[in-house]
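Q: The structure follows.
Values in this text are rule-based calculations from the coordinates and carry no lab data. Note that the coordinates shown come from a computational prediction; the quantities given were computed from them, not determined experimentally. Heads up, the Cβs are rebuilt from the backbone with ideal geometry, glycines too, and the neighbour counts pull from every protein chain shown.
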Amino acid sequence: MDVEKRALFYGYLDGIIPLEAILKIGGTSWANSSYNIRHRRSKCPNGCLYCYVRVTDNRSDQDAKRLGDIEDLVPEKLILDPKKTDKKWRIPKKPKTIMFPSLHDTFLDTVEPYIVQVKRMIDVGHNIICVSKPLLECVQKICAALGSPENSTVYMSKFIFRFSIGSIDNKVLKAWEPKAPGFDERFACLRYAFEKGFKTSISMEPFLDIPDLTVSKVMPYVTDGIWIGLMNYRDRTDIVESPGPGYDGVLDLLYSEPELRKMVVRLRGNAKVFWMNSIVNQLL
Ligand code: SF4
């Protein structure tokens, strides 16, 4: 969804734009490619209860047989694939926008190989969206490597942080994303990157409680957009429905059509807020 598609969506909600026009606009896609450096069977240590990677991993039993069980690998640590960390990139016919990473996060012991790959990709012309539930030390290292005076114009112009912050509430984050950094650390990362002059954006997919407070808190430090979407794959049995007492049914209510409609009405005046397809589709 870009600004134009969002205007069509709002026009549809106001009864000015017909449904057919919205159906034609297609899906929301941040990037036209993705890249990951984890070993194919290594679990992301953040341990999010709704992790969609588990779904895609569980689909590929063939890989499991070929590469061994994921449980063989250290679950507290992300194991990297040397073929991925050593990759040399050719100059592409058409540069891409690459979501890197998309199937894991970046940690203190993996940030250096991450930076090496980011630089190689940008050197051949690609743009990078860095998706992360970030650790401050990692963000500091990335900013230092990409934002140094001699290369800042090249790297910084082709790199954007997209920090995942589904709630301002540490208790909620801990429940759904038990080993990921809390709100304060993620917010510190956002401020740090912003103050260093980097492009910044927020993913609230999934949003884990009423998003308004989180949106207003992060707003001043976002140079790009705040993307709000539902938790995907909730109907799959391998996705945990609720972290436990106090959370049962919360998302069902929050993600219900009337509540989504009210949320869109409340936040549509905010030019930085964009809606993921999961929400748009619920309201058509
Ligand atoms: S940070 Fe992303 S990849 Fe890692 S466990 Fe959470 S949802 Fe999965």
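Q: For the stretch 159-169, what does the Karplus curve 6.51 cos²θ - 1.76 cosθ + 1.60, with θ = phi - 60°, yield as ³J(HN,Hα) per residue in whole Hz, taken in order and with x for Gly and Pro?
A: The phi angles translate into 9, 9, 7, 10, 7, 8, 9, x, 6, 8, 8 Hz.
Q: Relative contact order of the chain, please, whole-number percent, based on alpha carbon pairs below 8 angstrom and at least 6 residues apart.
A: 18
Q: What percentage of all Cα-Cα pairs in the stretch 99-147 are separated by more than 16 Å?
A: 32
Q: Sticking with this one: Among the listed pairs 133/174; 94/272; 84/174, give every one whose C-alpha distance is greater than 23 Å.
A: Correct reply: 94/272; 84/174.
Q: Taking amide hydrogens as modeled 1.01 Å from N in the peptide plane, which residues meet the under 5 Å criterion relative to residue 98, leaving out close sequence neighbours?
A: 127, 128, 129
Q: Does the stretch 105-261 classify as rounded, prolate or oblate by the C-alpha gyration tensor (a ≥ b ≥ c root eigenvalues; a/c under 1.5 gives rounded; else a/b over b/c gives prolate, otherwise oblate)?
A: Prolate is the answer for the stretch 105-261, as a/c is 1.5 or above and a/b outweighs b/c.
Q: Moving to a separate point now. Only four residue types carry charge here, +1 at the Cβ of Lys and Arg and -1 at the Cβ of Asp and Glu. Report the dipole size of the chain about the Cα centre in Debye, rounded to the nearest 20.
A: Charge dipole, the chain, about its Cα centre: 1080 debye, nearest 20.
Q: To continue, here is another question. Using a Gaussian network model on the chain with a 10 Å cutoff between Cα atoms, which of 114, 233, 255 fluctuates the most?
A: It is 233.
Q: Report the one residue of 106, 189, 126 whose Cα lies farthest in the direction of the positive end of the charge dipole of the chain (charges on C-beta: Lys and Arg +1, Asp and Glu -1; origin at the Cα centre).
A: Of the options given, the answer is 126.
Q: On to the next question. Just the Cα atoms of the chain: what Rg and Dmax do they give in Å?
A: For the chain, the Cα-based Rg and Dmax read 19.1, 56 Å.
Q: So for each of 260-271, 170-181 I average, over its residues, the number of other beta carbons within 10 Å; can you give me the resulting order with the highest mean first?
A: Peptide ranking by packing, descending: 170-181, 260-271.
Q: Which of the helices in the chain meet the span-like rule: DSSP H, Cα axial reach of 30 Å or more, Kyte-Doolittle mean at least 1.6?
A: none
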